[in-house]
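Data first, discussion second: the structure below is written as structure tokens.
The values are calculated or read from the model by the stated rules, or taken from the named source; none is laboratory data. What you see is a predicted model, and the numbers here were worked out from it, not measured in a lab. Positions of Cβ are backbone-derived with ideal geometry, glycine not excepted, and every protein chain shown enters the neighbour counts. Surface accessibility is based on the protein's heavy atoms, side chains included, excluding ligands, DNA and RNA. Shrake-Rupley method; radii C 1.70, N 1.55, O 1.52, S 1.80 Å.
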Amino acid sequence: MPAIARAFPQTSSGRPEALNYHVIYSYILQHRFGHLVKTTFILLYLFFLAVRFRHGWIKAMLPFHALAMTFAVFCLFVVRKARLHVDIQCSPSLALQIWQRLCRRYFLAIVLVYCISSYIFVRFYCNEFSGLDIYLLKKELELARVNERRTVLYFLAFFDGSFIAVIHCLADFDLIRLPEVKTDPMTRVIAAITPSVLCAFLGSFFSLILGTISYWLLRTPIWRTWLGLRRWLASWSKNTDLYRSNIPGPFPFPVVHELLMSFMLFFIFFMANEMFSIYMSRGAIHRGKPISEKSSDPNGTLISGLKSYKRNFSRRTAYQELSYLARNSSKRRDSIYKDIEKPTIWSQICGECLNVILEMRKPFELENPNVANPLTSKTFAHITSSPTDGTIQKSPTIKTRRENIFVSSKGKLSASSIERKLVSSSQDPKAVQSSTVVGWFSELQATVYQGYEALCSYVVIFLSTGLGFPFRRTIQRKTMILAANKYMFFDAVEGLSQLVCFSITEDLYGTVQYDISRILTEYNNTLTIFELFMDSPPLDWTDVENKQYIVKGHNYDRLIPLPEVQDLYESVYLGLDRIVGTFKPHLAGMGLTADVLQRCRSMEDADD
């Protein structure tokens, strides 16, 4: 019989290994995906039931149309499931973003999926109306003719599918935003119907105008291709009396069918995308309980989710659960505070949340020249506190020697004498040709420099116009790149601050109080970095619109709007203000530095 100690896997700390958060979350996502497909089939069945009601109850009740469209939409769900992400994907300029999203293999896959779905739908739509048959009704002793109205609808369906694929990639439908408030998925689905109807209505009008014009321009090659395809298919069925002329008849313009078919197609696609986003973004609550509650060790499972660095979706959901538990679950907070086995649950949560804060502020620190060197900035200067008088002293600077330390003192030659000897030994005494070449190169360098300056001036003029706007590398887009994981940052800041605030009454063992000063210091440093970034944002030379507000590198009165940085700043400010308001009488004895105490006192004065 094996020993009891070997019956459970042990970590280095002796704590039993908890079930991984990603494993539980994967099963929950599969369960939600199944509900998504089932709900999609029910809605499509009701949709086609209303369309086919005029054929009688028996034909209307058969679910063939709903099954076929569910399969088509299921392919879209599979592609989206493989590409979903929670971080905001942005490029330095709008033109570069359009290029990167439309010129890749994923865009071709999305176009293919939408076109296949559109083809399945347009076949069902054309079979519902007698005037949209493949062949026109022929009279006696007359050859069969291909119905061009059906050809128009097929082309329009492929046009709609390609157009929706472009919208899908440009609008980044694959981005999943977890809701802040838990709501029922069917409530969100019903709320999404009205926006989807409006988008489908606008898309159908766009398709009617641009799609019809495109077909009119490409009518001859489309007609010949379609006629050749029908002849090839007719040869298999031995239908040799097919119309053999390559000249089509009068230009067809089925306005009603184009509008109706495009509206239904756009509505199905927009609702399918909305439903996928709704079911995949249900968050960290499953059947009324947090995801980690499914484990025998909830706190250990939650920490494994916070450490899922290679699985951003699971990590993002784990921080949302942490924020939810810190605000609403006294039982889980109590279990976090009472854990005293090292490494404690609190120390691991605190460390992971501070890592998220450091990950977010580090790019802003590197991008801003005013905070790029922490040792020289006013906030991050090396300071030492005297234990007796509390005075602050700066660390002494290191003196450097400019002399070459590898040359001995005896017979040492200066750098100027060495240079003179090398130059004199390598120069030609006459040197007429050499000076001519040097002068020619100097003139060439001056000409190239002048041409470069003229070119830059013309580029700046172009960027100042409306046509040059997509090519500007604006500071707003740069901050979106730097703050790609801002929602996880919000949850980390709020969850950590809530746990600190509740510890004043619920932490009986005092496991939190030793880390409060470190948390306050990190919050203060983060606020300082964001303030310096907003006061002097690093603008690119192409950002001509925002450069007019910069005076000597300073953004006075913060005339350049930076909403992403402002959101990050407000999140940290509220978290710090919450802690300061809770521990106001105890701040003096926490050993805080002078700048942290100064910010805390300013917050106290603002609250008063």
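General observations
- Accessible area in the full protein assembly, largest first, 1.4 Å probe, for Leu444, Leu539, Leu499: Leu444, Leu539, Leu499
- Carbon and sulfur %, accessible surface of the stretch 450-573 computed with the full protein complex present, 1.4 Å: 58 percent
- Within the stretch 493-530: backbone nitrogen closer than 16 Å to the Asp334 label point (7 Å, Cα to C-beta): 502-510
- For the pair Gln450 and Ser26, label points projected 7 Å from Cα toward Cβ lie 6.8 nm apart.
- Cross-link partners of Lys307 among aspartates and glutamates (Cα-Cα below 13 Å; sequence separation of 8 or more within a chain): Glu352
- Accessible surface of Glu367, taken over heavy atoms with a 1.4 Å probe and every protein chain present, rounds to 70 Å².
- Highest mean packing first, where packing is the average number of other Cβ atoms within 10 Å per residue, the peptides 524-530, 26-32 line up as 524-530, 26-32.
- Alpha-carbon gyration tensor eigenvalues x 5, square-rooted, for the stretch 90-222, Å: 36, 21, 12
- Looking at the stretch 534-571, the chymotrypsin sites (Phe, Trp or Tyr not before Pro) that sit in a DSSP loop and have at most 12 other Cβ atoms within 10 Å of their own Cβ are Trp541.
- Spatially proximal aspartates and glutamates relative to Lys38 (Cα-Cα < 20 Å; intrachain offsets below 8 disregarded): Asp184, Glu274
- Using a probe of 1.4 angstrom and keeping all protein chains present, the accessible surface of the stretch 246-312 works out to 42 square angstrom per residue.
- Total formal charge among the other residues, if their Cβ is under 10 angstrom from that of Leu96, Lys/Arg +1 and Asp/Glu -1: +3
- Considering only Trp232, Leu102, Pro195, and ranking their Cα positions along the charge dipole of the stretch 76-235 that arises from unit charges at the beta-carbon of Lys, Arg, Asp and Glu, the one farthest toward the positive end is Trp232.
- The residues of the stretch 541-608 have, on average, 58 Å² of accessible surface per residue, using a 1.4 Å probe with all protein chains present.
- Shape of the stretch 249-347, Cα gyration tensor, a/c cut at 1.5: prolate
- When a 1.4 Å probe is rolled over the protein heavy atoms, the share of accessible surface on the stretch 199-348 that falls to carbon and sulfur comes to 62 percent.
- With 0.36 nm allotted per residue and the present C-alpha distance subtracted, the Leu260-Glu180 stretch has 25.1 nm of extension available.
- Computed E for Leu62/Leu508 - FRET, C-beta separation, R0 56 angstrom, nearest 0.05: 0.25
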